[in-house]
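Everything on this sheet refers to the single structure shown next.
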Amino acid sequence: MESALASNFCKPCCFNSRKRVVRKGKRITTDRFNIQSQSLLTTNCLSLQVGTEKQESSTGFVSKELVWPSPDDEIPFWKRDFPSWDANPEVPTDIVKDSNPMNIIHVTAEMAPIAKVGGLGDVVTGLARACLLRGHTVHIMLPFYECIQKQQISDLALVTTYNSYHDGNWVPTNAYRGVVSDIPVIFIEPSNEFFKGQQVYGGSYNELEAYLFFSRACLEWMQQVTEIQPDIIHVHEWQTGGLPLLYWDMYHYLSLKNPRVVLTIHNMEHYGECRKEQLSKSGLDGSIYATVEKAVDDRTIGHNPERLSLLKGGIVYSNAVVTVSPTYLKETLCSGWLSSTLITHRDKYFGILNGIDTAIWNPATDVFLPAKFNAQNLEGKKICKYYVQRGLGLAPKSIGAGNYVPDEMLKVPLVVCISRLVPQKGLHLITHAIKRVEELGGQMIILGNASDGQVKGEFKHLADLHFCGSSIRILLMYSEELSHMLYAAADIVLVPSIYEPCGLSQMLGMRYGAVPLVRKTGGLADTVFDMDDQSNHEIANGFVFEGIDEGSLNWALDRAFAYYRDKPNEWNRIVKKVIETDNSWHKTAGKYIETYDSVRVRS
């Protein structure tokens with residue numbers, strides 16, 4: 001098997017879209033799970049549904065011949081070939097079309113799965129698809145990063161070449177049109193060095209100037225190329241925080257009169273710190289924004305030089321500002337240097353909980369799972385757990401040979417933590433969980449990247465320390481395929497964040513029957529409710545702790561393990577409950593539609 005620390009896995013903006021090839025190896029057949037044919041499984045996999053489940057036999061969705069993986073395999077099990085992930089989802093029949101459809105354009109630095117680094121990409125794709133299903137016209141505008149694999153885009157075609165301004169020059173810029181996940185996308189490709197490189201972020205160009213260029217290029221495209229003005233321009237994060245300034249102080253005085261601008265802040269810790277001269281390269285006079293009322297970074301007042309914040313400018317100039325959970329809204333009004341700006345603009349500031357894309361994340365149809373399952377049939381989840389245990393060397397090779405999943409492996413609680421390894425995510429709690437889970441006789445798998453060299457070194461040491469053991473696996477990488485498998489395998493999904501604007505991991509885990517164990521903050525507090533909290537008994541769905549100390553985490557882990565081992569019927573009830581919890585975009589998109597509708601121009 002490849003080292004658990006291997007770095008040559010899928011690029012952050014790439015997704016495996018090849019057809020499935022079944023590798024040679026030890027095959028098992030089983031009568032226990034009412035096996036179906038491989039061809040039937042593949043057919044089922046390619047027919048994704050949103051919000052509805054396939055009807056299945058009484059014992060589960062599994063193939064007739066299953067290849068148990070091994071850590072000795074030449075190709076790790078998550079790198080095997082799979083059916084195309086981007087199957088056309090069936091349109092739910094219960095989605096009601098909105099009576100006043102709008103034209104909405106998302107301007108964003110990320111889009112899942114073709115340009116995904118974090119949750120931003122998932123949110124943009126999920127919200128756009130949900131609004132499309134409600135009858136709105138939706139486009140996404142995205143930089144045409146060099147690392148995007150063009151074969152993942154349907155109907156890709158060059159629309160036009162036009163000029164957009166940067167630093168005294170008009171830069172020839174290509175605009176391409178394509179379809180990703182059934183969503184129309186406009187790709188912006190400047191002829192200079194911007195957006196070149198083998199990953200979404202971290203290229204050799206100046207990223208801040210590149211995103212300022214992109215923001216203006218999107219407005220130029222709307223003005224020069226398209227004849228239809230959108231009702232809403234929805235910008236995301238600091239990368240497109242300059243667009244509201246450009247729109248209201250330049251393009252609104254030209255020919256763009258109809259659009260109104262909505263800004264979503266996914267994480268308040270990224271401010272888009274900007275020098276006045278850099279903003280001036282977009283064609284605006286950067287000096288006029290260096291005021292407390294506009295875009296000056298309050299932390300730099302009195303410094304030489306003072307700096308601007310694109311995120312603050314976006315807050316001031318947008319017609320509506322959204323953050324990604326009600327609790328995070330309250331937290332940001334009470335702390336942080338932007339709190340005074342948010343309080344000033346409180347009347348246009350809203351907290352709307354993110355959703356998850358239930359077409360891509362669906363355990364009943366997921367192309368990456370060795371067996372499918374739903375709340376009515378959990379046998380496939382047991383196979384997924386054992387499949388991962390076998391593949392990562394957490395199950396002895398001598399166990400499970402033949403035609404069944406051994407009970408002794410299913411009795412071991414499996415904790416999964418899928419996270420960027422950054423301080424926000426509670427690194428000291430994650431490392432302590434490794435120790436505590438092992439003491440409790442459980443297993444734990446961590447999947448995530450560390451951008452900081454010291455953090456990466458510390459987790460590499462832990463990975464090497466536990467690599468030959470039978471309890472802990474740490475994989476310093478990100479793989480979309482493996483993340484699907486781990487959520488399906490997990491009994492518990494751990495999210496011990498110090499702060500968490502919304503969090504998708506707990507919702508994705510629930511979708512796959514993993515009971516969430518979280519710290520009470522931000523969106524985690526809005527989605528997970530403690531099993532032992534009698535005041536929330538009806539909505540209890542996980543385990544919650546409040547402190548940032550190791551003892552608080554121990555208290556939650558100890559209770560979760562006790563439930564798993566001592567109350568199996570109660571545990572299974574909660575597993576079914578979290579799978580059936582509706583965290584879809586179809587539930588929450590209506591609140592975005594209400595926000596759009598409150599600021600749109602009515603003819």
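Consider V138 carefully, then state whether it is in a loop (DSSP other than H, G, I, E, B), in contact (Cβ under 8 Å) with a residue 24 or more places away in the chain and touching a Cys at 6+ places or on another chain (Cβ under 8 Å). Full working, then the answer.
Working: in a loop (DSSP other than H, G, I, E, B): no; in contact (Cβ under 8 Å) with a residue 24 or more places away in the chain: yes; touching a Cys at 6+ places or on another chain (Cβ under 8 Å): yes.
Here the answer is no, as V138 does not meet what is asked.
In the condition set (1) out of contact with any His (no Cβ under 8 Å at 6 or more places or on another chain); (2) at pLDDT 95 or above; (3) farther than 30 Å from L508 by Cα, N192 is compliant with all but (1).
Inspect the stretch 192-204 for any residue being of a type outside the set (A, V, I, L, M, F, W, C), more than 22 Å from Y253 (Cβ to Cβ) and assigned to a strand (DSSP E or B) and give the result as yes or no.
Applying the first criterion (of a type outside the set (A, V, I, L, M, F, W, C)) to the stretch 192-204 yields 192-193, 196-199, 201-204.
With the extra rule that they be more than 22 Å from Y253 (Cβ to Cβ), the set shrinks to 192-193, 196-199, 201-204.
Remaining after also requiring assigned to a strand (DSSP E or B): none.
Scanning the stretch 192-204 turns up no residue that is of a type outside the set (A, V, I, L, M, F, W, C), more than 22 Å from Y253 (Cβ to Cβ) and assigned to a strand (DSSP E or B).
For the stretch 533-558, name all the residues that are open to solvent by less than 30 Å² (accessible area, probe 1.4 Å) and either part of a helix (DSSP H, G or I) or among the hydrophobic types (A, V, I, L, M, F, W, C) (or both).
Start the filter on the stretch 533-558 by keeping residues that are open to solvent by less than 30 Å² (accessible area, probe 1.4 Å), which leaves 540-545, 547, 552-553, 556-557.
If the condition is that a residue be open to solvent by less than 30 Å² (accessible area, probe 1.4 Å) and either part of a helix (DSSP H, G or I) or among the hydrophobic types (A, V, I, L, M, F, W, C) (or both), then A540, F543, V544, F545, S552, L553, A556, L557 are the ones that fit.
Select from the stretch 302-316 the residues that are within 16 Å of V599 (Cα to Cα) and crowded, with 24+ Cβ neighbours inside 10 Å and list them in ascending order. Walk me through how you get there before you give the answer.
Here is the first cut: in the stretch 302-316, the ones within 16 Å of V599 (Cα to Cα) are 314-316.
G314, the sole residue that qualifies.
Checking each residue in the stretch 413-469 for being under 22 Å from the mean Cα position of the chain (by Cα), closer than 23 Å to D491 by Cα and surrounded by fewer than 18 Cβ atoms within 10 Å (Cβ to Cβ) picks out only R420.
Just name the residue that is nearest to A514 (Cα to Cα) out of those in the stretch 371-392 that are open to solvent by 10 Å² or more (accessible area, probe 1.4 Å) and of a type outside the set (D, E). Spell out the reasoning first.
Let us first name the residues in the stretch 371-392 that are open to solvent by 10 Å² or more (accessible area, probe 1.4 Å), namely 376, 378-379, 381-382, 387, 390.
Now restrict to residues that are of a type outside the set (D, E): 376, 378, 381-382, 387, 390.
Values: Q376: 15, L378: 12, K381: 10, K382: 12, Y387: 16, R390: 19 Å.
Here the answer is K381.
Can you confirm whether the stretch 263-271 contains a residue that is more than 19 Å from N354 (Cα to Cα) and assigned to a loop (DSSP other than H, G, I, E, B)? Yes, some residue in the stretch 263-271 is more than 19 Å from N354 (Cα to Cα) and assigned to a loop (DSSP other than H, G, I, E, B).
In contact with a Leu (Cβ under 7 Å, 6 or more places away or on another chain) and closer than 15 Å to L494 by Cβ, is that true of G523? Here the answer is no, as G523 does not meet what is asked.
Give me a count of the residues in the stretch 154-179 that are aromatic (F, W, Y) and either touching a Gly at 6+ places or on another chain (Cβ under 7 Å) or open to solvent by 60 Å² or more (accessible area, probe 1.4 Å) (or both). Quick ask: steps written out before the conclusion?
Applying the first criterion (aromatic (F, W, Y)) to the stretch 154-179 yields 162, 165, 170, 176.
Then keep just the ones that are either touching a Gly at 6+ places or on another chain (Cβ under 7 Å) or open to solvent by 60 Å² or more (accessible area, probe 1.4 Å) (or both); that gives 165, 170.
Residues in the stretch 154-179 being aromatic (F, W, Y) and either touching a Gly at 6+ places or on another chain (Cβ under 7 Å) or open to solvent by 60 Å² or more (accessible area, probe 1.4 Å) (or both): 2 in total.
In the stretch 67-96, the residues that are over 30 Å from G135 (Cβ atoms) reach residues that are open to solvent by 30 Å² or more (accessible area, probe 1.4 Å) and at pLDDT 85 or above with C-beta atoms within less than 6 angstrom, at least six apart or across chains, in these pairs: W68/R390; P69/R390.
Looking at I593, is it in contact (Cβ under 8 Å) with a residue 60 or more places away in the chain, under 25 Å from G336 (Cα atoms) and open to solvent by 10 Å² or more (accessible area, probe 1.4 Å)? So I593 fails the test. Going by what's in this entry, would Y271 be described as aromatic (F, W, Y) and without any contact (Cβ under 8 Å) to a residue 40 or more places away in the chain? So Y271 does not fit the description; no. Scanning the stretch 99-113 for residues that are open to solvent by less than 40 Å² (accessible area, probe 1.4 Å) and at pLDDT below 95 turns up A112, P113.
Which one is surrounded by the fewest Cβ atoms within 10 Å (Cβ to Cβ) among residues in the stretch 180-236 that are farther than 18 Å from M141 by Cβ and among the small types (G, A, S)? Only one residue fits best here, namely S204.
Residues of the stretch 142-153 being in contact (Cβ under 8 Å) with a residue 40 or more places away in the chain and either assigned to a strand (DSSP E or B) or surrounded by fewer than 19 Cβ atoms within 10 Å (Cβ to Cβ) (or both), which ones?
Of the residues in the stretch 142-153, the ones in contact (Cβ under 8 Å) with a residue 40 or more places away in the chain are 142-149, 151-152.
Of everything in the stretch 142-153, those that are in contact (Cβ under 8 Å) with a residue 40 or more places away in the chain and either assigned to a strand (DSSP E or B) or surrounded by fewer than 19 Cβ atoms within 10 Å (Cβ to Cβ) (or both) turn out to be L142, P143, E146, C147, Q149, Q151.
Looking only at the stretch 564-590, residues that are in contact with a strand residue (DSSP E or B) (Cβ under 8 Å, 6 or more places away or on another chain), in a helix (DSSP H, G or I) and either open to solvent by less than 30 Å² (accessible area, probe 1.4 Å) or among the small types (G, A, S) (or both) come to 6 in all.
The values are calculated or read from the model by the stated rules, or taken from the named source; none is laboratory data. Predicted, not measured: the structure shown is a model, and the values here were computed from it. In this analysis, Cβ positions are derived from the backbone assuming ideal geometry, glycine residues included, and neighbour counts consider all displayed protein chains. Only protein heavy atoms, including side chains, enter the accessible area calculation; ligands, DNA and RNA are left aside. Shrake-Rupley method; radii C 1.70, N 1.55, O 1.52, S 1.80 Å.
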